[in-house]
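K.L.:
What follows is a single structure, and I will ask about it in a moment.
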Amino acid sequence: MDESSKTNQINKLNDKNQIVSPNSEVIERALVKDWDKEIQKGEDMEKYWALEAEQFDWFKKWDEVLDESNKPFYKWFVGGKINLAHNAVDRWIDTNKRNKVAILYANELGEEVKITYYELYREVNKMANALKKLGVKKGDSVSLYLPMCPQLVVSMLACTKIGAIHSAVYSGLSSVAIVERITDINSKVVITADGTFRRGKVINLKPVIDEAVLECPSVETVIVINHTGSYDDGANLNENEVLYNEIIEDESDICPAEMTDAEDPLFILYTSGSTGKPKGVLHTTGGYMVGIATTLRKVFDIQEDDLWWSTADAGWITGHSYTIYAPLLLGSTTLIYEGAPDFPDAGIWWKVIERYGVSKFYTAPTAIRHLMRYGDEYPNSYNLNSLKVLGSVGEPINFEAWKWFYEEIGNSKAPIMDTWWQTETGMHMISPIPVADLKPCSATKPLPGVHVAIVDEEGIEVETGKKGYLAITNPWPAMFRTLYNDEERYKEVYWNFFSNLLYKTGDMARIDEEGYVWIEGRSDDVLKISGHRMGAVEVERAFNSHPAVNETAVIGKEDEVKGQVIKAFLILNEGHELDMSYGEGDVTLKDALKMHVRHDLGPIAVLGEIVSVDSLPKTKSGKIMRRILKAQEDGEDLGDTSTLDDL
Ligand code: WTA
C-alpha cells in the first residue's frame, strides 16, 4: 500500500481546485494501475485496439485493423466475422458464468426478476426464431418502443443474433417522433409493451404505437409484451398484432448466430442535431463491441464480483452501450431498473444499491441534482458501502453535484468517473479511470487509444488553456459509420467543418497545462434538457405548427436541476396573446402551447419559459440568431453582431 495515496484521500471537499486522488483500496483492486502507462499504450492505436479485440470470439479474424482508404468512411476489423449476441450471451454458457445472473431487473413495485446467462440464452434464441418466422432477415430493421424490462434486452439481442438492425425509440417520445423514426428505416416489425410503471401509475405505451402505426405503411407486425398485465385475461389484438409470450412459446431454444461481418450495421439510434430532422446514427458490429467493452472494463474496473448499475434507459446511447451491451460482453451482471428516481420516495435508488449491493453506479448529473435537493437523510439512511466506483454522463456536472455525489453517495471513497462521449462516438472518449487523479468537474483526459484536440474554426490547435472547438483527431473503433440514408450530411456536419478532416463534436472545451479537458458547453444549437439531447429547431418546429404561432426562437436557459430548460420566444399571429383563454374551458394559450409541444416532442421537452415578442434577431439572410437571445438572457456581451439584420 502506498502511504502517499492514503494521505491524499479527501473526506470533505471544500475547494473546486482540489485534486482528488484514489485511495489505497481503489488502487489495490484496480485492473489498470498506471494511468499514464495505459495512455501511452494507446499511442499505437491499431495495436492497442487489436489487442482488445482478441478477447472476443471471432468466427473469422480480421485481415486489417483499420481501413482509412475512404475517409471519413472508416472501417474497423475489416474482413472479420463476429456476432454480438454470441459474444454477449452464448459465449458464457460453456463457462462458469452459465448460471450467473446476467440481468437483474427491479422495479418501483419492489418486484425483481433475475435472469441467468443460460436463461437469457434460451429466451434470446426463442425470440430470434420467432422474429425469423415473422420474416425478419439479416439487414432488416426492427423498431423498439419499450420500457426497461427484461424482454427489451432479449429483443435487442435477438435482433443482433440474426443480424437484424434495431432502432430503439425512447418510451417517453411521442407518436410523431415514432412515425418519423419508423418511416425513415421502413421497419417491418415493431416491438412494444402494453405499458410501463412510473410513479405508482401505469403509463400506457400501446395507444401511442397504435396512433403511430396508422401512419407507417411498412409495419407488418406489432409484437406486444404483456408487461403491466393488460392482457392477463386474454388479448384483444388487432389483426397485425401478436403477443410476445405466445410467439416465443413454441419456438426452439436453439438458434445459430448469424455470421455478421465486423462492418455489418448493428443498430440505428436517432438523435438531435442542429437542424430539425433527427439524425439516424448508424453503428456497426465489431468495432463497437471492442470499444464499449474495453471502455466499460477500464473506466469502471469491472471484475467478476461486480454488480453494475447504469440508470440510463435503453432508448438512449448510454442504455445501449453501457446498461445493456458492454456489461454482458464482459460477462457481468447488469441491473436494470424501471421507475422514477424519487418514487415511492427519494431514497429508492439508495435502497436498491443497499438491497443488492451495487458496486459500480453510473448516472446523470440531472438525477444527482434532483435527488440532492431532498437532503442527505435519504442516502444517509442506507448502507452504501458496497459502492466502489461512481460515474456521471450526459452533461457537464457542476461542483455542488460532484461534491454531493462523492461525499454522500460514494462516502468519499468511490471515485467519480466523469465520462464525456456522444451517441455518435458510441463509447466513452474522455474519462478518467479509477486510479486517476481527479479534478472535480473535468472529464480528465482522452482514454487510451483516443486522441482529441482543441482547435479554432480552421482546425488549427489553439494554445494550451484557450477555449476552442473540441475535435477528435483519430478514428476510434466504436465510431458511428454514417447517418442512415444521409452520407452527405454525415460528411458535412461532422467532418467537413474543419478543412483537415477532424471530427467535430459540437462541444467547446479547453485543455489545461496538465492535459485535463474541461467541457465548456455546445457550439451549436443543441440543447441538453435533463441530459436529453434536443435540437432548438425541433422545438421551434413544434411551436410553429400551432395555428396561433407565427415564428419561434428557442434557447436553453440554465436551470439548477435540469441543467437547461427551454425558453421560447414567440411571435404570435394577430389577435393572440399568451394569457388569453384559448379554445374551451379555462385553458390559456400558453397552456395550450405547452400541451401542443409536449404532444409533439414528449415529456422530455421541459418548457421553462414562454414569452411573446414582436421580432426576433435575424441575420441579413433571415436566419434566427439564437446566440443573441442567449447572450441577452445570460446578461453577456452580444459579441459580433455585424451580420445582424437591423430591422
Ligand atoms: C454532452 C450522451 C459534459 C456533450 C452520452 C455531448 C457531456 C453530448 C458529458 C452528447 C460530460 C455528454 N460532460 N458534457 N461528461 N457527456 N455530454 O449524444 O455536449 O446524448 O456532445 O450522448 O452530451 O449527448 P448524447
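K.L.:
State, to one decimal in nm, how far the label point of residue 109 lies from the label point of residue 203, with both points 7 Å from Cα in the Cβ direction.
P.N.:
1.7 nm
K.L.:
So, one more: Taking the alpha-carbon centroid of each part, what is the distance from segment 167-211 to segment 418-439 in angstrom?
P.N.:
When both Cα centres are located, 31 Å separates them.
K.L.:
For segment 234-337, taking Cα atoms only, what is the radius of gyration to one decimal and the Dmax to the nearest whole Å?
P.N.:
When restricted to Cα atoms, segment 234-337 yields Rg and Dmax of 17.4, 49 Å.
K.L.:
Here is a follow-up. Over the chain, give the accessible area per residue in Å² for a 1.4 Å probe, as an integer. Working shown, then result.
P.N.:
On the way: 25790 Å² over 647 residues.
Normalised by residue count, the accessible surface of the chain is 40 Å².
K.L.:
In segment 77-121, what GluC sites (Glu not before Pro) fall in a loop by DSSP, with at most 15 other Cβ atoms inside 10 Å? Let's see the in-between values first.
P.N.:
Details: sites: 108, 111, 112, 119; in loops: 108, 111.
Hits after loop and neighbour filter: 111.
K.L.:
Let me ask something additional. What are the semi-axes of the equivalent ellipsoid of segment 403-449, taken as the square roots of 5 times the eigenvalues of the Cα gyration tensor, listed largest first and rounded to whole Å? Don't jump to the answer; show the numbers that get you there.
P.N.:
Values: eigenvalues 94, 27, 13 Å².
Ellipsoid semi-axes (Å, largest first): 22, 12, 8.
K.L.:
Once you put a point 7 Å from the Cα of residue 98 and another 7 Å from the Cα of residue 485, both along the Cβ direction, what distance in nm separates them?
P.N.:
Each label point lies 7 Å from its Cα, and together they span 4.6 nm.
K.L.:
With the cut-off at 1.5 for a/c, could you classify segment 1-115 from its C-alpha gyration tensor as rounded, prolate or oblate? Display every interim value, and only then the final one.
P.N.:
Numbers: a/c = 2.24, a/b = 1.25, b/c = 1.79.
Oblate shape, in that a/c is at least 1.5 and b/c is the bigger or equal ratio.
K.L.:
Please list, ordered by chain and number, the residues whose modelled amide H lies under 5 Å from the amide H of residue 281; skip anything fewer than 5 residues away on the same chain.
P.N.:
Counting only residues 5 or more places away or on other chains, the set is 269, 270, 271, 484.
K.L.:
Continuing with this model, one more query. Restricting to DSSP H runs of at least four residues, report the calculated mean residue ellipticity at 222 nm for the chain, -39500 (n - 2.57) per run over all residues, nearest 500 deg cm²/dmol.
P.N.:
Roughly -7000 deg cm²/dmol at 222 nm, from the helical runs in the chain.
K.L.:
When the accessible area of segment 5-107 is computed with all protein chains present and a 1.4 Å probe, what percentage of it is carbon and sulfur?
P.N.:
Details: 2440 of 5400 Å².
Carbon and sulfur atoms account for 45 percent of the accessible area of segment 5-107.
K.L.:
Residue 582: net charge of surrounding residues, Cβ under 12 Å, Lys/Arg +1, Asp/Glu -1, itself excluded? Let's see the in-between values first.
P.N.:
Working: positive: 590, 594; negative: 577, 579, 584, 586, 591.
So the environment of residue 582 carries a net charge of -3.
K.L.:
What translational diffusion coefficient, to the nearest whole µm²/s, does the chain have by Stokes-Einstein, given a Kirkwood radius computed over alpha-carbon pairs, a temperature of 37 °C and 0.692 mPa s viscosity? List each step's numbers first, then the result.
P.N.:
Numbers: Rh = 25.6 Å.
Approximately 128 µm²/s, per Stokes-Einstein.
K.L.:
Are there GluC sites (Glu not before Pro) in segment 304-393 that DSSP marks as loop and that have at most 11 other Cβ atoms within 10 Å, and which are they?
P.N.:
On the way: sites: 304, 338, 354, 377; in loops: 304.
Counting only loop positions with at most 11 other Cβ atoms within 10 Å, the GluC sites (Glu not before Pro) in segment 304-393 are 304.
K.L.:
A follow-up question, please. Mind running the shape call on segment 371-437? Use the C-alpha gyration tensor, a ≥ b ≥ c as the square roots of the eigenvalues: rounded below 1.5 for a/c, prolate if a/b tops b/c, oblate otherwise. Spell out each step's value before the answer.
P.N.:
Working: a/c = 2.37, a/b = 1.68, b/c = 1.41.
Prolate.
K.L.:
What shape does segment 463-585 have by the C-alpha gyration tensor, where a ≥ b ≥ c are the square roots of the eigenvalues, rounded means a/c under 1.5, and otherwise prolate means a/b greater than b/c and oblate the rest? Show your work: numbers first, answer last.
P.N.:
Working: a/c = 3.01, a/b = 1.87, b/c = 1.61.
In terms of gyration-tensor shape, prolate.
K.L.:
In 10 Å bins starting at zero, report the fraction of Cα pairs in segment 348-493 per bin as a rounded %.
P.N.:
10, 34, 30, 17, 9, 0
K.L.:
Over the alpha carbons of segment 175-246, what is the largest minus smallest coordinate on each principal axis, giving the biggest first in Å?
P.N.:
34, 28, 15
K.L.:
HN-Hα J couplings of segment 526-533 from phi, Karplus 6.51/-1.76/1.60, θ = phi - 60°, integer Hz, Gly and Pro as x?
P.N.:
9, 9, 10, 9, 6, x, 8, 8
K.L.:
For the chain, what relative contact order do you get, as a whole percent, if you take Cα pairs closer than 8 Å and at least 6 residues apart? Intermediate results must be reported in sequence, preceding the final value.
P.N.:
Values: 1399 pairs, mean separation 85.0, N = 647.
With pairs under 8 Å counted, the relative contact order is 13 percent.
K.L.:
Let me ask another. Measure up 16/445; 360/413; 60/298; 504/528; 37/413; 114/206 against 20 Å on the Cα-Cα distance and list the ones that go over. Before the final figure, lay out each step's value.
P.N.:
Values: 16/445 18 Å; 360/413 12 Å; 60/298 26 Å; 504/528 18 Å; 37/413 24 Å; 114/206 26 Å.
Cα-Cα > 20 Å for 60/298; 37/413; 114/206; rest within.
K.L.:
Write down the radius of gyration of segment 243-283 and its Dmax, each obtained from C-alpha positions, in Å.
P.N.:
17.0, 47
K.L.:
Semi-axes of the equivalent ellipsoid for segment 303-359, please: Cα gyration tensor eigenvalues, times 5, square-rooted, ordered largest first, whole Å. Please report the intermediate quantities before stating the final value.
P.N.:
On the way: eigenvalues 84, 48, 7 Å².
After scaling each eigenvalue by five and taking roots: 20, 15, 6 Å.
K.L.:
Report the local net charge at residue 301: Lys and Arg +1, Asp and Glu -1, summed over other residues whose C-beta lies under 15 Å from its C-beta.
P.N.:
Working: positive: 29, 33, 297, 298, 360, 388, 413; negative: 25, 28, 34, 38, 304, 305, 306.
For residues surrounding residue 301, the net value is 0.
K.L.:
Got a sec to turn the phi values of segment 52-60 into Karplus ³J(HN,Hα) couplings, 6.51 cos²θ - 1.76 cosθ + 1.60 with θ = phi - 60°, whole Hz, x for Gly and Pro?
P.N.:
Going residue by residue, I get 5, 5, 4, 6, 9, 8, 9, 5, 9 Hz, with x marking Gly and Pro.
K.L.:
Could I ask something else about it? Using a probe of 1.4 angstrom, how much of the accessible area of segment 524-647 is carbon and sulfur, in percent? Each step should come with its number before you reach the end.
P.N.:
Working: 2970 of 6360 Å².
Within segment 524-647, the accessible surface is 47 percent carbon and sulfur.
K.L.:
So, one more: List the residues, sorted by chain then number, that are 5 or more residues from residue 391 or on another chain and whose placed amide H is less than 5 Å from its amide H.
P.N.:
361, 362, 363, 417
K.L.:
So, one more: How much length is gained if the chain between residue 71 and residue 304 is pulled fully straight, taking 0.36 nm per residue apart and subtracting their Cα-Cα distance, in nm to one decimal? List each step's numbers first, then the result.
P.N.:
Working: separation 233, 0.36 × 233 = 83.88 nm, distance 3.91 nm.
Value of the extension gain: 80.0 nm.
K.L.:
Residue 390: net charge of surrounding residues, Cβ under 14 Å, Lys/Arg +1, Asp/Glu -1, itself excluded?
P.N.:
On the way: positive: 360, 388, 403, 413; negative: 301, 306, 407, 408, 418.
The answer is -1.
K.L.:
Out of all DSSP beta bridges with both ends in segment 156-269, state the antiparallel percent to the nearest 5.
P.N.:
Working: 4 of 13 bridges.
Here the antiparallel bridges make up roughly 30 percent for segment 156-269.
K.L.:
What are the extents of the Cα atoms of segment 61-180 along their three principal axes, listed from largest to smallest and rounded to whole Å?
P.N.:
Rounded to whole Å, the extents work out to 54, 46, 29 Å.
K.L.:
Right, something else. Calculate what fraction, in whole %, of the accessible area of segment 179-333 sits on carbon and sulfur atoms when a 1.4 Å probe is rolled over the protein chains. Can you show the working numbers first?
P.N.:
Numbers: 2470 of 5360 Å².
So the carbon and sulfur contribution to the accessible surface is 46 percent.
K.L.:
Okay, next question. Could you tell me what percent of the DSSP beta bridges with both partners in the chain are antiparallel, to the nearest 5? Present the calculation step by step, with values, prior to reporting the outcome.
P.N.:
On the way: 56 of 97 bridges.
Counting only bridges with both partners in the chain, antiparallel ones make up about 60 percent.
K.L.:
Assign unit charges at the C-beta atoms only (+1 for Lys and Arg, -1 for Asp and Glu), then state the dipole size of segment 504-647 relative to its Cα centre in Debye, rounded to the nearest 20. Don't skip to the answer; put the middle values down first.
P.N.:
Numbers: 18 positive and 29 negative charges, 108 e Å.
Approximately 520 debye in magnitude.
The values are calculated or read from the model by the stated rules, or taken from the named source; none is laboratory data. Worth saying up front: this structure is predicted, and the values here are computed from it rather than measured. Ideal geometry is used to build each Cβ from the backbone, glycine not excepted, and the neighbour counts take in all protein chains shown. Ligands, DNA and RNA are stripped out before the accessible areas are found, and what is left, the full protein with its side chains, is counted by its heavy atoms. Shrake-Rupley method; radii C 1.70, N 1.55, O 1.52, S 1.80 Å.
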